[in-house]
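For reference, the structure discussed in these notes is given below.
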C-alpha cells in the first residue's frame, strides 16, 4: 500500500486537494482544516523541501478561497495560515521519518539475525563430522551436507533420488532411511555397510528419523551417517594381533610334534618295495597325502612364527610378471584372461619370496572365485615411498557378512580350503609394515589393495 502511494504521490495529492476544495466549497469556506489532508499526504510521500513548498502553496491558495476574518489584517492571516501548514508538514514528516527509521532499524536487525542464524546453520551442518541426508516423500534428496559429499564422492546430490546414490540392496543396510520413510521405524546407531561406485566400501553408524507434519503424517526422513571405518579396521587389527599371539604360543610345539611322526612315515614309505603294484598305488597315495599335510604344517608354522623379511633390492614389475607367468596355463584352462597394468618400476627393498607368496595367495583366491571364467588383473605403482599393488577379479564377490573374517586363521568357505592363505598374506604385509584392504561388491568381484612402505636405501633396514 505504501509503495502504491509513493508511486502515484502527485496524483494522490492532487485528488486530495480536489476533495478538500470540494468539501470547502460545500461548506461555504467554513472548513479550512480540510486542506491539511493534502499537506499530510505530501509530508508522507515527498521529500522535505518539496512538501514544504507544497504546504506554502496550499496555504496561499486557501487564503484566496476563504473569506477574511473581520478585524484581522491580511498579513496576519497569511502568516498564521502558512505557519500552520508548515508546522503540520514538518511534524508529519518527522513522525513518518521516525517510524520509517524504526522500521529500517528493525529490518536491519532482523536481517543481521537471519544472516547469523544462516551462518550458524551452515557451520553446524557443513563442519560436522556426521553426514546428513534428508529426503522427501518421493525419496528425493532435499538436504545434503558437505560431509555427505565427501563420504559418497557426490557433492551435487540435492534433487536426485536416494537409490541413484545408494543402488545396492536393502540387505547392506544403506537404505534404512527408506524403511523409516515408508514404515516410520527409526534406527539408532545401526551399523551398516555403504557401497559407492569407484570408492572403497565404508562401515558407518546410521541414525534415522521420520519427519512429520502437524497432522502426524510422514512427509520425509532424515539420516545421520557417522563413518567408523577406521575404528573398525583398528579393532580388527587388534583382534588379529590377539589371535596370532594366542596361535603362536600353541603352534611351535604342536606343529613339530605332528611333523616328526610324519617324517618317519614318509621315510618308511619311501623304503617300501614298489614291486607289488597294490603297494605301489597305496604308496603313491599316502606320499601325496603326507606331502599335503606337510605343506599345511609349513603354512601353519609360517603363520604362527613367521620369519623376518630378508630385504634386498628387487624390481616389483619383474616379480609380478613372474607370478602371472606361473598362472598362464591354469587361467587358460578356466577361461580366465589376465590383465597386467604394471609400468617399469625402479628396484625397491623387498623380501622376494614373501612378496611372491603374497601375490600367489591372492591370485589363487581370485582364480577360485571365477569357476565360470572372468578377468584377473594386477596393477602396481610407486607413490613416493609406498608401493601400491592391486589384485582384482570379476568373480562372485565376498558377502558383506563375512568380509571382516576373511583374514582370520582357518576361516574358509571352500570345501577343501585350509583357511590359511589370506591369514598368511595379512601377516606378510604386516611384516613389511604395510596394509591390505579389500573392496567387494555382490556379484561384481573383489579388489585387494596392498600398500607397502619401500626404500632403495639398505641402511634404513
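What the table below lists for this structure:
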quantity: Output for the stretch 347-367, where each listed residue is modelled with pLDDT under 90 and out of contact with any helix residue (DSSP H, G or I) (no Cβ under 9 Å at 6 or more places or on another chain); calculated: 353
quantity: Any hit, the stretch 165-178, residues being outside the structural domain of residue 442 (by TED's automatic domain parsing) and part of a strand (DSSP E or B); calculated: no
quantity: Qualifying residue in the stretch 203-215 (condition: closer than 30 Å to residue 431 by Cα and either assigned to a loop (DSSP other than H, G, I, E, B) or in contact with a helix residue (DSSP H, G or I) (Cβ under 9 Å, 6 or more places away or on another chain) (or both)); calculated: yes
quantity: Residues of the stretch 183-216 classified as at pLDDT below 90, more than 19 Å from residue 154 (Cα to Cα) and out of contact with any strand residue (DSSP E or B) (no Cβ under 7 Å at 6 or more places or on another chain), total; calculated: 3
quantity: Residue in the stretch 393-401 that is over 16 Å from residue 323 (Cα atoms), under 26 Å from the mean Cα position of the chain (by Cα) and surrounded by fewer than 17 Cβ atoms within 10 Å (Cβ to Cβ) present; calculated: yes
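Okay, residues lined up against (1) in contact (Cβ under 8 Å) with a residue 60 or more places away in the chain; (2) surrounded by 22 or more Cβ atoms within 10 Å (Cβ to Cβ); (3) in a strand (DSSP E or B); (4) not assigned by TED's automatic domain parsing to the domain that holds residue 316:
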residue: 419; (1), (2), (3), (4): no, no, no, no
residue: 423; (1), (2), (3), (4): yes, yes, no, no
residue: 430; (1), (2), (3), (4): no, no, no, no
residue: 437; (1), (2), (3), (4): yes, no, yes, no
residue: 443; (1), (2), (3), (4): no, no, no, no
residue: 447; (1), (2), (3), (4): no, no, yes, no
residue: 451; (1), (2), (3), (4): yes, no, yes, no
residue: 455; (1), (2), (3), (4): yes, no, no, no
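The values are calculated or read from the model by the stated rules, or taken from the named source; none is laboratory data. Note that this is a predicted model, so its numbers are computed, not measured. Please note: Cβ atoms are built from the backbone with ideal geometry, for glycine as well, and neighbour counts cover all protein chains shown.
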